[in-house]
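Heads up: the structure comes next, in structure tokens.
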Amino acid sequence: MRLLIFATIFLSVFALLNLYIVKRFINKLDINERYKKYFKLFLLINFIGVLGYMYARYNPDIPNWLFLMLSLPMGIVFLIFSTAVIYDITNLLVSKAPMKKERRKFFKQGLDYFSIAVAAGISGKAMYEAKFIELEEIDIKIKNLKKSYSIVQLSDVHIGGLIDQKFIQDIVKRVNVLSPDIVVITGDLVDIALKYATPALNELKNLQTKYGIYFIVGNHEYIHGIDEIITTINSLGIKTLENENVYIGEENNGFNLAGVYDVAGYRANHHIPDIEKALQNTNSNSPTVLLAHQPRYIEEVKEDVDLVLSGHTHGGQLYPFRVLVKLVQPYLAGLYQHNKNTQIYVNKGTGFWGPPMRLGASSEITYITLS
């Protein structure tokens, strides 16, 4: 039932986006009517693609090439809509500007062709950017750490669809080259029924570290059977931190690593994050690193946490979407000084959700040196 409600809202939003594009963009273009019809047909095909994606996402027994074709329309429609909004505002300014009729017509035609080119250009660039996963290297200084440690952070992999076994194999190879002390996975690892995700998850057994691999759940794990996911991940030799902590390194010469459930637990009324429990019995002589999926959880973090590692935001994934993300998350991507004692690093996501598109927010594997 919840899935049906989500699908209805999701499709209604895209129907409204298409309506806006037609009324406020296509119909106002100073181009041949035949080309306007082609443009509208293109939008209709994309909307059908969105319908197909909703089916394919939860019935993934389809070839990857078809899944790719069905997943692109969401991103394309969103980017065209973003272009249409800017076009609409600019067109209004041109229509009100004090200039001769011929000059206004010249500017209007230029705006029309430029906007079409921008919509096509940014869609192509977003598809191109999604093909690459950047290695982000950062040195983070924290107090009372007696020796340096290396952490590789993966986040928001979203196994399912195009994020398959081969994708995880490639990630594992790249991580192993880095020879990290630990690997942390900060949520939204699984985004499909567990039986489909298992082959990809099994590849994580090949990760090589000195002190282990640690995982926390994200909001998407609540959708796909959180208890079963935790059990499966633990069986791979990966430790899920469930409002608890472990000590990394030699006694009094390392750091506390704590992890909490996601804030989605408040709404689900199970697997609720508990910072008090997560920090019980930590070594007071050593610094503490906390894994919390969503950056907004930092509002519940006490000052005795030195560093928070989060994900969730995807860095906005598609640039115009950054504005919406910032409405609900205090931090978007990269390293921030939250207060005098606590820093937070937000990973932009190692995979992607929805369309295989990124614009101004590349996927990342983060190599952190704690010093």
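The values are calculated or read from the model by the stated rules, or taken from the named source; none is laboratory data. Small disclaimer: the values here were computed from a predicted structure and weren't measured. As a convention, Cβ positions derive from the backbone with ideal geometry for all residues, glycine included, and neighbour counts pool all protein chains shown.
Quick rundown of the values:
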read-out: Residue within the range 236-252 that is touching a residue at least 24 places away in the same chain (Cβ under 8 Å) and assigned to a helix (DSSP H, G or I) present; value: no
read-out: Verdict on residue 364 being acidic (Asp, Glu), out of contact with any His (no Cβ under 9 Å at 6 or more places or on another chain) and not in a helix (DSSP H, G or I); value: yes
read-out: Scan of the range 320-350 for residues that are surrounded by fewer than 17 Cβ atoms within 10 Å (Cβ to Cβ) and in a helix (DSSP H, G or I), ordered by number; value: 323, 324, 326, 327, 328
read-out: In the range 109-149, the residues that are among the hydroxyl-bearing types (Ser, Thr, Tyr), more than 25 Å from residue 27 (Cβ to Cβ) and not in a strand (DSSP E or B); value: 128, 148
read-out: Matching residues, the range 292-314, being in contact with a strand residue (DSSP E or B) (Cβ under 8 Å, 6 or more places away or on another chain) and either over 12 Å from residue 186 (Cα atoms) or in the same structural domain as residue 76 (by TED's automatic domain parsing) (or both); value: 297, 298, 301, 304, 305, 306, 307
read-out: Subset of the range 224-235 (residues that are of a type in the set (Val, Ile, Thr), in contact (Cβ under 8 Å) with a residue 24 or more places away in the chain and either under 16 Å from residue 202 (Cβ atoms) or in a loop (DSSP other than H, G, I, E, B) (or both)); value: 229, 232, 233
read-out: The range 160-176: number of residues that are in contact (Cβ under 8 Å) with a residue 24 or more places away in the chain and over 17 Å from residue 56 (Cβ atoms); value: 8
read-out: Filter pass, residue 210 being within 26 Å of residue 194 (Cβ to Cβ) and out of contact with any helix residue (DSSP H, G or I) (no Cβ under 7 Å at 6 or more places or on another chain); value: no
read-out: Those residues of the range 111-144 which are among the aliphatic types (A, V, I, L, M), under 17 Å from residue 77 (Cα atoms) and touching a residue at least 60 places away in the same chain (Cβ under 8 Å), in sequence order; value: 116, 122, 126, 127, 130
read-out: Test: residue in the range 259-268 that is free of Cβ contacts under 8 Å to residues at least 12 places away in the same chain and surrounded by fewer than 23 Cβ atoms within 10 Å (Cβ to Cβ); value: yes
read-out: In the range 145-165, the residues that are loosely packed, with under 13 Cβ neighbours inside 10 Å and at pLDDT below 95; value: 147
read-out: Residue within the range 102-115 that is among the basic types (Lys, Arg) and surrounded by 16 or more Cβ atoms within 10 Å (Cβ to Cβ) present; value: yes
